[in-house]
Amino acid sequence: MVSKPRQQAWIISWRELRAEGVIRRSLLVADLERLTPLLSETIGEVDFKATLLTGEAKRNLITIEIKTALLMECQRCLTSCYVNVERSFQACVVEHESTENAESHVERLLEHLPEDCEVVLLEDGLMNVNHLIEDELLLSLPLVARHENQQDCLAQGYRTTALAEAVKVDEKTHVNPFSMLKSRGIEEK
């Protein structure tokens, strides 16, 4: 596997993918501009693997698998928690053509694709998968991030309702701040 400069990690050569069949790369989480505002810290990498599907009917299809652990704010205890993401999706590679027949060629390709298949446009034999990967990560994020184990939240000071009731002060020993009003002739209504 040829090591690419970090800023070029999401650029895949179509010729290289066809020759190798599989390409593995890593992106820095900090390079994903739409994702970073949703994270508590932008550390780590997103590993991805692009695999060319074989067969005449699938000659332009690739499968992209992504795997990462993102740091988000736990909504129970408000500390950082890891959200593990493993996702796989298909994409159709369409070569950019500036001819009159290009539009009809693309339409014919799209007719035979599964509904959930993404489209990647090749420009000068290269495809940029950065936005596809970022889109998949955004779709994978939970609506409410939480530690998987509630014990992790308890260790950070989070208390459940049941725990709060167990710690609740006994009402019989609780002093009513308005009790002195009774001694002055003012009754509760």
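Looking only at segment 116-142, how many residues end up being touching a residue at least 60 places away in the same chain (Cβ under 8 Å) and either of a type in the set (A, V, I, L, M, F, W, C) or in a helix (DSSP H, G or I) (or both)? Of the residues in segment 116-142, 12 are touching a residue at least 60 places away in the same chain (Cβ under 8 Å) and either of a type in the set (A, V, I, L, M, F, W, C) or in a helix (DSSP H, G or I) (or both).
Conditions tested, residue by residue: (1) within 22 Å of the chain's Cα centre (by Cα); (2) modelled with pLDDT of 90 or more; (3) closer than 26 Å to Ile11 by Cβ.
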{"residue": "Ile62", "(1), (2), (3)": "yes, yes, yes"}
{"residue": "Asn84", "(1), (2), (3)": "yes, yes, no"}
{"residue": "Ser98", "(1), (2), (3)": "no, no, yes"}
{"residue": "Gln150", "(1), (2), (3)": "yes, no, no"}
{"residue": "Gln156", "(1), (2), (3)": "no, no, no"}
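Taking the listed residues Leu109, Leu137, the one that is surrounded by 13 or more Cβ atoms within 10 Å (Cβ to Cβ), touching a strand residue (DSSP E or B) at 6+ places or on another chain (Cβ under 7 Å), within 24 Å of Leu17 (Cα to Cα) and at pLDDT 90 or above is Leu137, with no other qualifying.
The values are calculated or read from the model by the stated rules, or taken from the named source; none is laboratory data. Treat the numbers as computed from the prediction; the structure is a model and nothing was measured. With ideal geometry, Cβ positions are generated from the backbone for all residues, glycine too; neighbour counts draw on all protein chains shown.
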